[in-house]
Amino acid sequence: MSLPYAILTALLEKPSSGLELTRRFDKSIGYFWSATHQQIYRELGKLEAEGFIRTLPSQQPARGQKKSYEVLPAGRAELARWTGTSQDPRPHRDTLLLRMRAAAVVGTEGIEADLRRHLDLHQRQLAEYEEIDKRDFPPGKDSSQDRLRHLVLRAGIDLETFWIQWLTHALEEFETV
């Protein structure tokens, strides 16, 4: 499970409360690694129990106060260990592709409309990624950390571009069927 490593990464970027973390997660890591707020809070508890993170001391009374977390040296070491570990690619699972295969057997009722809906969703996601690209990666922002973050964003842009091209081709095929 990679969720603990996604959380360690986000907390190393900026110590946060659970709520802040879930909000940041939705706007960054969540684009390529999704998790519910409940999963994130549950994982924070496990990471703290394992000694990878700790609750930051608070100047205010604890009752009703949101906890903020930071990564401990053991958590940084675990993240570095995991980052350096080789992993094979996972098979891609997509229900749209499975439905297309099933449509070849039982008929295409509703598939074309859903292809158009998917095309619209991917076009909107691409526009959002391109806006992030312009906003967060202007010319000259080229530290090694920025270049790695930009590579992750480029993967999203390239994947959305692929899906737009594939869906456009699929819709063209429907015109000839």
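Remarks
- Partners of residue 134 within straight-line reach, counting lysines whose Cα lies under 26 Å from its Cα and excluding those fewer than 8 residues away in the same chain: 14, 27.
- Within segment 68-177, the trypsin sites (Lys or Arg not before Pro) that combine a DSSP coil assignment with at most 10 other C-beta atoms in a 10 angstrom radius are 93.
- Zone residues, segment 138-168, relative to residue 2, backbone N less than 20 Å from point 7 Å out along Cα-to-Cβ: 145-163
- Normalising the average separation of contacting C-alpha pairs (under 8 angstrom, six or more residues apart) by the number of residues puts the relative contact order of segment 1-51 at 51 percent.
- Viscosity 1.306 mPa s, 10 °C: Kirkwood-radius Stokes-Einstein D of segment 63-139 over Cα pairs, µm²/s: 88
- Normalised by 2.2 N^0.38 Å, where N is the number of residues, the alpha-carbon radius of gyration of segment 24-104 equals 1.59.
- The chain, relative contact order in percent, only Cα pairs under 8 angstrom and at least six apart counted: 20
- Stokes-Einstein D (µm²/s) once Rh is taken as the Kirkwood radius of segment 14-170 over alpha-carbon pairs, at 10 °C in 1.306 mPa s: 83
- Rg ratio (alpha-carbon, reference 2.2 N^0.38 Å) - segment 1-59: 1.04
- The angle separating the long axis of helix 95-106 from the principal Cα axis of greatest extent in the chain is about 30 degrees.
- Here segment 123-177 is treated as an ellipsoid with the same Cα gyration tensor; its semi-axes, largest first and in whole Å, are 31, 10, 6.
- Listed residues 106, 152, 71, most fluctuating in the chain (Gaussian network, C-alpha, under 10 Å): 106
Values in this text are rule-based calculations from the coordinates and carry no lab data. This is a predicted model, so every value here is computed, not measured. Glycine also receives a Cβ, built like all others from the backbone with ideal geometry; neighbour counts cover every protein chain displayed.
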